[in-house]
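Beneath this line is the structure, given in structure tokens, with notes to follow.
The values are calculated or read from the model by the stated rules, or taken from the named source; none is laboratory data. In this text the structure is predicted, and so the values were computed from the model without any measurement. Cβ: placed from backbone, ideal geometry, glycine included. Neighbour counts: every protein chain shown.
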Amino acid sequence: MKVKILCLLFLVLVIPLKASEHGIYLMTNQKVKGEVEQIQKQIVDALKKNNFNILASLNIHTPDYVRKDKSEHCGLKAHLIVFSSSSYQKMLTSYGTKYLVAGFLRVGIYETPKGINVIILDPETLNRIVFNDLYENDKRAEYQQVVTKTKSYKKIIIDLLHQTIGGKHVKTNMPPIRENDDLAESSKDMFMMVGALTLFNDEDQFPRIYSMENQNGIAGLKELENKFRANLKSFNPVKDDKDYRWYPNENALKWKIISKITSPDNNAILLGITRPRTEAVSFNIAGSSREDDSNKCPGIDHVPAYPIEVLLIQEGNKINVYTQREMHRMDMYFWDAGMSAFMNHMSMPAVLDESIKKALLGNEYTED
């Protein structure tokens, strides 16, 4: 008997344990009864009661929006809730103002042929990516602190959703799924195509798209924000932007700010932007390999991928503006679409990069 016990102990010690896996999305409620509008209201009310600030609650465009042939429509709805809290923002930015980029918390509600599901952008997975420059720059204790603190917020959100709405209560990691070490070490998902999965250890992934002198602090940041808002309203897309996919009307190509937060030290503003056609096309691509006659829009389970983050931050005597390179962002949120999907839409990320910069910068935009 002693020999058997010793053998078991030996096996436990020498066989490596499987690394923890993390989905960029986490399903919390499955097959919820009711209507999307009713469910989103219940969630919004519960978030408010728990001291979260609602930044946006809106219907998101599904693949039907970019399908000219109505026989290809799925008729399913998707809804996005963007929220945050002052305490969460303080936690993030206590490690540096730039980490405000992770400040948008998100819940997605989407219909399936079998009922309504609720999913969150997993803040733990997101922060394992956003903060991995700490890990790679020998600040591993700080990195682990962020992960631990984020888990407490994640638990509050999951518990809130379980207590507020029905359906089957789950905690299911949803693709793209990556392991602890891959997230911490910014391992490449698609070598040569995307590069390292990091925002701050590779300047090409979260590039500066604009810079200006500023001696007016938060007033200067707000002035630049207002300039961006005016530019977005007058934005006219170029031919390449118009041509890569059919769209029903000109509003489909208009970028819009749907969410905003300011850092506790007033040194940064985070804007969240999106537009109808980009949402619809990305969900179409995300679900293309899973689509069948029973579900023509499976990709709407990626609804918390939006909005796209634009960071305005005071650095020295300048305001610098950053946003993710779209190929990198698509890798973060849509990697599970597969290599063939990325290859079939190789031109799309560069078109979006140009479109976003042109929309924000207006007459000051110059081609790279």
Counting only residues that are in a helix (DSSP H, G or I) and under 15 Å from the mean Cα position of the chain (by Cα), how many does region 281-331 have? 16
Buried (at least 16 other Cβ atoms within 10 Å of the Cβ), within 30 Å of Lys318 (Cβ to Cβ) and either at pLDDT below 95 or not polar (S, T, N, Q) (or both): which single residue out of Asp265, Asp241 fits that description? Asp241
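Residues checked against (1) part of a helix (DSSP H, G or I); (2) within 21 Å of Lys254 (Cβ to Cβ); (3) touching a helix residue (DSSP H, G or I) at 6+ places or on another chain (Cβ under 6 Å); (4) aromatic (Phe, Trp, Tyr):
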{"residue": "Phe334", "(1), (2), (3), (4)": "yes, no, yes, yes"}
{"residue": "Met343", "(1), (2), (3), (4)": "yes, no, no, no"}
{"residue": "Met348", "(1), (2), (3), (4)": "yes, yes, no, no"}
{"residue": "Asp353", "(1), (2), (3), (4)": "yes, yes, yes, no"}
If Asn214 satisfies every condition in (1) under 25 Å from Ile269 (Cβ atoms); (2) out of contact with any helix residue (DSSP H, G or I) (no Cβ under 7 Å at 6 or more places or on another chain) but one, which is the exception? (2)
Select, from Thr125, Thr150, Thr198, the only residue that is closer than 17 Å to Met330 by Cβ, part of a helix (DSSP H, G or I) and modelled with pLDDT of 95 or more. Thr125
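Give the residue, chosen from Ser211, Ser187, that is in contact with a Lys or Arg (Cβ under 6 Å, 6 or more places away or on another chain) and surrounded by fewer than 18 Cβ atoms within 10 Å (Cβ to Cβ).
After applying the criteria, what remains is Ser211.
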Residues (in a strand (DSSP E or B), over 16 Å from Tyr322 (Cα atoms) and in contact with a Lys or Arg (Cβ under 7 Å, 6 or more places away or on another chain)) located in region 249-272: Lys256
Please work out if Ser294 is surrounded by fewer than 18 Cβ atoms within 10 Å (Cβ to Cβ), under 23 Å from Asn344 (Cβ atoms) and among the polar types (S, T, N, Q). no
With criteria (1) in a loop (DSSP other than H, G, I, E, B); (2) crowded, with 19+ Cβ neighbours inside 10 Å; (3) in contact with an Asp or Glu (Cβ under 8 Å, 6 or more places away or on another chain), Gln205 comes up short on (3)
Residue satisfying all of: in region 344-368; of a type in the set (D, E, K, R) and surrounded by fewer than 13 Cβ atoms within 10 Å (Cβ to Cβ); nearest to Glu225 (Cα to Cα) among these: Glu364
Among (1) assigned to a loop (DSSP other than H, G, I, E, B); (2) free of Cβ contacts under 8 Å to residues at least 60 places away in the same chain; (3) not aliphatic (A, V, I, L, M) - the single one Gly34 does not satisfy: (2)
Of (1) outside any helix (DSSP H, G or I); (2) surrounded by fewer than 18 Cβ atoms within 10 Å (Cβ to Cβ), Leu80 satisfies every one except (2)
Can we say Ser211 is of a type outside the set (A, V, I, L, M) and under 25 Å from the mean Cα position of the chain (by Cα)? yes
Going by the structure shown, is Glu111 charged (D, E, K, R), in a helix (DSSP H, G or I) and more than 30 Å from Gln205 (Cβ to Cβ)? no
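Within region 46-69, which residues are in a helix (DSSP H, G or I) and either within 16 Å of Gly167 (Cβ to Cβ) or touching a residue at least 60 places away in the same chain (Cβ under 8 Å) (or both)?
Selection gives Ala46, Leu47, Pro63, Asp64, Tyr65, Val66.
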Looking at region 312-324, I want the residues that are closer than 21 Å to Lys358 by Cα and have a partner that is among the aromatic types (Phe, Trp, Tyr) and modelled with pLDDT of 95 or more with Cβ atoms under 6 Å, at least 6 apart or on another chain. Which pairs are those? Val321/Tyr210; Tyr322/Phe206; Gln324/Phe206
